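Notes follow once the structure below has been shown.
The values are calculated or read from the model by the stated rules, or taken from the named source; none is laboratory data. Just so it is clear, the structure is predicted and the values come from calculations on it, not from any experiment. In this analysis, Cβ positions are derived from the backbone assuming ideal geometry, glycine residues included, and neighbour counts consider all displayed protein chains. Ligands, DNA and RNA are stripped out before the accessible areas are found, and what is left, the full protein with its side chains, is counted by its heavy atoms. Shrake-Rupley method; radii C 1.70, N 1.55, O 1.52, S 1.80 Å.
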Amino acid sequence: MQSEPDGPIPLCAAEITDEDREAVTATLATGWVSTAGPAVARFEKQLAGYVGTGHAVATNSGTAALHVSLLVAGVEPEDEVLVSDMTFIAPVNTIRYVGAWPVLVDAEPDYWQMDVDKMKKFLERDCAPRNGHLENRKSGRRVRAILPVHLLGHPCDLDALHEVSGRYGLKLIEDSTESLGALYKARKVGSGGLSSLSFNGNKLITTGAGGAIVTDDAAMAERAMYLVTQAKDDPLEYVHHSIGFNYRMPSISAALGSAQLAKIDHHLEKKRRIAKRYAEALGNVPGLSPMPSAEWAEPAWWLYTIRIDPARFGRSSRELMRLLAKEGISTRPIFQPMHESQAHAGAQAIGGEVSSRIVAEALSLPSSVGLSDEDQDRVIATIREFGP
Ligand SMILES: Cc1ncc(COP(=O)(O)O)c(C=O)c1O
C-alpha cells in the first residue's frame, strides 16, 4: 500500500514532527537499535494501556502480527477461517501461511463491514457438528475461526461476532490494523480478545513499518512473544523447541511509536474533522454518498471513502480518480475483493456481490492527519467541478 507522500496532495501520509525525530535520535544514542532494549517494552506497555488490554506484543509488521495471532489462536493446517471478503489481502494471505483456508464473507451494504447475517446462514445451513468440531459440509474441513477486518477505520458489529463465535465455538481473531482508536459501543477496537494492529506509514500512528498483537490472554501473549523472537527456549545456548520467526519490532521503530502514540488523540481529532468537512461539503452532490457510520460506532476515519453512482454523478469512481490525479490529488479505490483475486482463486465465497459493487463505486479521498483546510477545500472543489 502507498504510504509515502505521493503527490502534492497525498492520500494518507504520516505526520512526523520534531518530537518524533527527537525520540528516534534519543534511542539511537542509547545504542539499543535492534529488537532488545527498553524502547520496545515501553511501547508495548503504552500500547496495551491505550487499547485497554493486559498485553501487547510489538512486531515488525501488521502482517506478522496476524500470522502469529492465527498460530497462538490454534488455527491448524487444513482448518478454515471465515474472513472479510472486502479487505487488503494481508489477513487472507496469513491464513494460507499457516496452511489453513479462507472462506470469504461478503460485506454488508450499510457500513461495508463483514456481513454477520450471511455468515450465520452459512454456519447454520452449510456446516454441521462432527467429532466435537464444526465441519463445512462442502469442503469437509473444520471451521476453526473468524477473522473480521475493521475496514477503513470503522468497526465491525463486534457483539454479533462474539455471539456467533461463542455459539459455534470458533476463535475470534480481529484485524484492527485500519481501526486503531475507533470505538465500538464505547469500547476500543482491539480490546475484545485477540487483535492485530499495524503501524505502517499510512496508518493512524506509524513506526515506519510495524504492528502489534494485543490481548488480555497472558498465555497467548507469552506464546506470541516466544514465536516472534525466534522461539528461543534457551536464549544463551540457542535451544529451540519450535519454529519461530524474526518478527519482533526494532527499538528505533518502537521509539517512533511511543512518540506517535502520545499524539494519537490529536490524530483522531484531525481525522474526525476531515471526515466532517467532506461529509458536509460532498453530501449534497448528486451521485455522491458520504462514508457511512453506524450509530453504535465512533470510527477512526482512517481513510475517508465516498461512493459514486456513475449514472447520477456522470463519471465512474475510476474516471474521477484519474482526473483528480492529473490535478495532483491522490485518491484510491478500496482493495480488490478477495473473491476476485487470482491469489485466492478457488476460495469458497459466501456472497461477494455487495463487496464487488462497493469496490466498483468507492473512492478513498486524501485523509492525511496533516491535510490542511486549504488543500481539503481544493479536493472538494475539484471533485465538484468534475461532477454534474
Ligand atoms: C486490513 C489490513 N490488514 C493487514 C494489513 C497489514 O499490515 P502491514 O502493512 O503492517 O503488514 C493492512 C495494511 O497494511 C491492512 O489494511
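Points worth noting:
- Average Cα contact separation per residue, the range 110-202, under 8 Å, 6 or more apart, as relative contact order %: 23
- Backbone phi angles across the range 29-40, fed through the Karplus curve with coefficients 6.51, -1.76 and 1.60 (θ = phi - 60°), yield HN-Hα couplings of 5, 6, x, 7, 9, 8, 8, 7, x, x, 5, 6 Hz in residue order; Gly and Pro are listed as x.
- About its Cα centre, the range 266-376 has a charge dipole of approximately 140 debye under the convention of +1 per Lys or Arg Cβ and -1 per Asp or Glu Cβ, with nothing else charged.
- Report note on the peptides 70-76, 100-106: ranked by the mean count of other C-beta atoms within 10 Å, highest first, their order is 100-106, 70-76.
- Once the Cα-Cα distance is subtracted from the 0.36 nm per residue extended length, the Asp216 to Arg137 segment shows a gain of 25.1 nm.
- With a Förster radius of 56 Å applied to the beta-carbon distance between Glu280 and Arg125, the computed FRET efficiency rounds to 0.80.
- R0 of 30 Å, Cβ-Cβ distance Glu19-Arg272: FRET efficiency to nearest 0.05: 0.85
- Sequence-ordered 3J(HN,Hα) estimates for the range 140-154 from the Karplus curve with 6.51, -1.76 and 1.60 and θ = phi - 60° stand at x, 8, 7, 8, 10, 8, 10, 10, x, 10, 7, 8, 6, x, 10 Hz, glycine and proline given as x.
- For the range 224-294: relative contact order, % (alpha-carbon pairs under 8 angstrom, 6 or more apart): 17
- Loop trypsin sites (Lys or Arg not before Pro), the range 108-217 (other Cβ atoms within 10 Å of the site Cβ: 12 or fewer; DSSP): Arg137, Lys138
- Summing Lys and Arg as +1 and Asp and Glu as -1 over all other residues whose Cβ lies under 13 Å from the Cβ of Ile350 gives a net charge of -4.
- Shape class of the range 77-165 from the alpha-carbon gyration tensor: oblate, with a/c at 1.5 or above and b/c at least as large as a/b.
- Against the criterion of solvent-accessible heavy-atom surface with a 1.4 angstrom probe, Tyr50, Tyr97 sort, most first, into Tyr97, Tyr50.
- Oblate is the label for the chain, because the ratio a/c of its alpha-carbon gyration tensor axes (a ≥ b ≥ c) is 1.5 or higher and a/b is not greater than b/c.
- Restriction of the chymotrypsin sites (Phe, Trp or Tyr not before Pro) in the range 221-263 to DSSP coil positions whose beta-carbon has at most 11 other beta-carbons within 10 angstrom yields Tyr238.
- Rounded if a/c under 1.5, otherwise prolate or oblate - the range 250-388, Cα gyration tensor axes: oblate
- Charged-residue dipole, Cβ positions (Lys, Arg, Asp, Glu), the chain about Cα centre, Debye nearest 20: 420
- Selected from Ser69, Ala58, Ala29, residue furthest toward positive end of dipole (the range 1-106; charges at beta carbon): Ala29
- Per residue accessible area in Å² of the range 46-110, where ligands, DNA and RNA are left out and the probe is 1.4 Å: 26
- The packing ranking of peptides 174-184, 372-382, 292-302, highest mean first, is 174-184, 292-302, 372-382, where packing means the average number of other beta carbon atoms within 10 angstrom of each residue.
- Inter-part distance where the range 74-119 and the range 292-350 are each reduced to a Cα centre, Å: 19
- Between Ala26 and Ala360, the simple spin-label model (points 7 angstrom out along Cα→Cβ) gives 5.3 nm.
- Looking at the chain, the DSSP beta bridges with both ends there are about 60 percent antiparallel.
- Between Arg322 and His162, the modelled label-to-label distance comes to 4.8 nm, taking each label 7 Å out from Cα in the direction of the beta carbon.
- Reachable lysines from Lys188, criterion Cα separation under 29 angstrom, eight or more residues apart if same chain: Lys45, Lys118, Lys120, Lys121, Lys171, Lys203, Lys263, Lys270, Lys271, Lys276
- The chain, helix-only ellipticity at 222 nm - DSSP H runs n ≥ 4, -39,500 (n - 2.57), divided by all residues, nearest 500: -11500 deg cm²/dmol
- Summing charges over neighbours of Asp309, with a neighbour being any other residue whose Cβ is under 11 Å away from its Cβ, gives +3 when K and R count +1 and D and E count -1.
- Counting DSSP beta bridges with both ends in the range 103-234, the antiparallel % (nearest 5): 75
- Percent carbon-and-sulfur accessible area, the range 287-369, ignoring ligands, DNA and RNA, probe 1.4 Å: 48
- Surface analysis of the range 278-364 yields an accessible area of 42 Å² per residue, using protein heavy atoms and a 1.4 Å probe.
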